[in-house]
Amino acid sequence: MYHYEALPAAEWFRRNRELAGFHNPARALYQTVRELVENALDATETYGILPTVYVRIGVVDEQRGWVSVYAEDNGIGIPGGEIPNVLGRVFYSSKYRVRQHRGIFGLGLKMIVLYAQSTTNRPVYVRSATLKSDKIYEYAIMIDTNSNSPAVLHRQEYPNKYKWHGTAIKVCIEGNWHAAKRRIEEYLRRTAIVAPYAEIIFRGPDVSLRLGRRTTKMPPPPEEGLPHPKTVDADMLKQMVRENGSATLLELLAGNFDGVGRETARAFAAWAGLAPDARVSELSQDDLVRLAERMRQYEGWRRPRAVSLSPAGAELLELGARAILGAEAVFAVTRKPESYGGHPFIVEAAVAWGGQIPPAERPLLLRYANKIPLLYDEGVDVARKVADEFSWQNYRVRFPAPLAVIVHVCSTKIPYVSAGKEAIADIPEIEREIRLALRDAAKKLRAYLARREREAELVEKYVSLAKYVDEIAHSLAVVTGASRARLAESLHRLIERKIGMTAEELLRRA
Ligand SMILES: Nc1ncnc2c1ncn2[C@@H]1O[C@H](COP(=O)(O)OP(=O)(O)OP(=O)(O)O)[C@@H](O)[C@H]1O
Ligand SMILES: [Mg+2]
């Protein structure tokens, strides 16, 4: 006889934590920092607040490999009553909305809590205050994995005298600082490239890193959107019908979906052979399944709108890449919005050249999804494939070359390969846009390299002519009796006229 049972969500993730990026003490420490920083940035920039994020890692017990991680932000905070669920219930999130966020699963914080209790059996400490709140809430929380619910060990309120707002979280976990150090630093640096408006301060056992704010300009925050009709499934419709019981089909469609007004809804109903005035509560389960199918098949919908996306923009990407990579030149582009399966997305790309970028046999690739730097699983990422297949030789790039390539995909639904959010799956529409974005950026690089080559040739020409000036001026002076200096001067002017640039200008550009 088999023994059947259901595994509560929290228990399932405790057992399968590597699926969420908690493979081993090094990777788990990296993932902990990542989840906290991503939440901090979501809680600030999404609401138009210039982010200040402070992260500290300390050694708690060297022998057992226990470390503490503390992260604090100046974001919108978590309402006191929500704190237990937000930390203690797997799949509890404010981000299941159609809007670009770093977070999407409702899992990040809970994985940290589960990992902490599995390895050190210590609770997670939280302090938070929302905007204008007159109280600060403090909690110590663990998770009861059997019921997937929070266990509150400690709770306290303080008066919020200085109107502080934000969130501070502290955990004690098993973590390998030395093995994770390089990746954590790299992660924070790459975060600063796409978010140069953030101030990120990091202190580790033997490093400190201060990534200052380079601009106060932020991309406009994403608006909240509605789901596109191409993204529905039968369950989603069932839920909508439950919430809009008395609505007609026309009303249901025209009020709840992206880009669908009454006219579009009517056209769809006619195409699908459905009565627009039928009450949705009278539709059978079968009808709903069929309706969902027809909605996905219909080609007459408007394209998904991109208002819920928030790309970094070419200007910020160029600023960030120049500052953090120390590149000599950066060229960035933001493509126009596209969509796959009803989900809007935008691809941005930048190519950075020279300066402190070390020459290599293939481009250094910096991948991003919704402003999250992706450091692991590069081999299965669609951007790696496109960058490798790209015909760089057509753009005057000869390897080894000091070339870095940034690819940023933003979407209300990033097709991640796994819950660890480390690689983007190979969706043909996205692949195509990445290729086009690289092409647009590489064209600018080509023009730049061509100009530089031309200037190098001119310098060479100038030098090869100028070296005869003294000798000729001398001979002419002997023959004509004119001033040698004046003759040399005229000869220089003659060469400059021939090349079309003054010596000073040439030197400046070279
Ligand atoms: N620093 C923070 N400031 C304000 N709210 C926060 C903060 N961290 C978490 N939250 C709230 O807690 C919720 C749960 O966070 P959690 O990291 O577990 O999931 P998520 O960010 O929604 O998705 P993901 O699993 O992809 O990270 C968030 O949706 C947000 O509402
Ligand atoms: Mg999160």
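The values are calculated or read from the model by the stated rules, or taken from the named source; none is laboratory data. Given the structure is predicted, the values throughout are model-derived calculations rather than measurements. Note that each Cβ is placed from the backbone with ideal geometry, even for glycine, and that neighbours are counted across all protein chains shown. What goes into the accessible areas is simple: the full protein's heavy atoms, side chains included, and nothing from ligands, DNA or RNA. Shrake-Rupley method; radii C 1.70, N 1.55, O 1.52, S 1.80 Å.
Of all residues in region 215-242, those that are at negative phi have Cβ atoms under 8 Å from Cβ atoms of residues that are in a helix (DSSP H, G or I) and among the hydroxyl-bearing types (Ser, Thr, Tyr), 6 or more apart or on another chain, in Val241/Ser281.
Considering only residues in region 93-129 that are more than 11 Å from ligand 2 (Cβ to nearest atom), in a loop (DSSP other than H, G, I, E, B) and not charged (D, E, K, R), the one that is surrounded by the fewest Cβ atoms within 10 Å (Cβ to Cβ) turns out to be Asn121. Of the strands (runs of 3 or more DSSP E) lying entirely inside region 323-429, those containing at least 3 residues that are small (Gly, Ala, Ser) and either open to solvent by less than 10 Å² (accessible area, probe 1.4 Å) or touching a His at 6+ places or on another chain (Cβ under 9 Å) (or both) span 343-353. Just to check your reading of the model, which residue among Ile57, Ile78 is at pLDDT 95 or above, touching a helix residue (DSSP H, G or I) at 6+ places or on another chain (Cβ under 7 Å) and either of a type in the set (Ser, Thr, Tyr) or part of a loop (DSSP other than H, G, I, E, B) (or both)? Ile78 is the lone residue from the list that is at pLDDT 95 or above, touching a helix residue (DSSP H, G or I) at 6+ places or on another chain (Cβ under 7 Å) and either of a type in the set (Ser, Thr, Tyr) or part of a loop (DSSP other than H, G, I, E, B) (or both).
For (1) at pLDDT below 90; (2) exposed (fewer than 11 other Cβ atoms within 10 Å of the Cβ); (3) of a type in the set (Asp, Glu); (4) assigned to a loop (DSSP other than H, G, I, E, B), each residue gets a yes or a no:
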{"position": "Leu449", "(1), (2), (3), (4)": "no, no, no, no"}
{"position": "Glu457", "(1), (2), (3), (4)": "yes, no, yes, no"}
{"position": "Leu465", "(1), (2), (3), (4)": "yes, no, no, no"}
{"position": "Ala477", "(1), (2), (3), (4)": "no, no, no, no"}
{"position": "Ala482", "(1), (2), (3), (4)": "yes, no, no, yes"}
{"position": "Leu494", "(1), (2), (3), (4)": "yes, no, no, no"}
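Among the residues making up region 290-307, a single one is small (Gly, Ala, Ser), buried (at least 18 other Cβ atoms within 10 Å of the Cβ) and not in a helix (DSSP H, G or I): Ala306. Pairs meeting the criteria (first residue in region 115-141 and within 22 Å of Lys163 (Cβ to Cβ) and among the small types (Gly, Ala, Ser), second residue open to solvent by less than 30 Å² (accessible area, probe 1.4 Å) and part of a helix (DSSP H, G or I), beta carbons under 9 Å, at least 6 apart or on different chains) are Ser128/Gly80; Ser128/Ile83; Ala129/Gly80; Ser133/Gly80.
Regarding Thr264, is this residue crowded, with 16+ Cβ neighbours inside 10 Å and over 17 Å from Thr52 (Cα atoms)? Yes.
Of everything in region 172-188 that's away from ligand 2 (no atom under 16 Å from the Cβ) and open to solvent by less than 40 Å² (accessible area, probe 1.4 Å), which residue is farthest from Arg89 (Cα to Cα)? Across region 172-188, the extreme among qualifying residues is Glu185.
In region 130-171, the residue that is nearest to Glu35 (Cα to Cα) out of those that are under 27 Å from the mean Cα position of the chain (by Cα) and away from ligand 2 (no atom under 16 Å from the Cβ) is Lys170.
On the stretch given as region 19-46, residues that are more than 15 Å from ligand 2 (Cβ to nearest atom), touching a residue at least 60 places away in the same chain (Cβ under 8 Å) and open to solvent by 10 Å² or more (accessible area, probe 1.4 Å) total 5. For region 231-251, check the following and say yes or no: at least one residue is closer than 25 Å to Pro311 by Cβ and aliphatic (A, V, I, L, M). There is no residue in region 231-251 that is closer than 25 Å to Pro311 by Cβ and aliphatic (A, V, I, L, M). Taken together, the criteria place Arg322 among residues that are among the basic types (Lys, Arg), touching a strand residue (DSSP E or B) at 6+ places or on another chain (Cβ under 8 Å) and under 26 Å from Pro222 (Cβ atoms). Restricted to region 64-92, and to residues there that are within 9 Å of ligand 1 (Cβ to nearest atom) and free of Cβ contacts under 8 Å to residues at least 40 places away in the same chain, the residue that is surrounded by the most Cβ atoms within 10 Å (Cβ to Cβ) is Val86.
Taking the criterion of being touching a residue at least 40 places away in the same chain (Cβ under 8 Å) and open to solvent by 10 Å² or more (accessible area, probe 1.4 Å), the residues of region 152-171 that qualify are Val152, Glu157, His165, Thr167, Ile169, Lys170.
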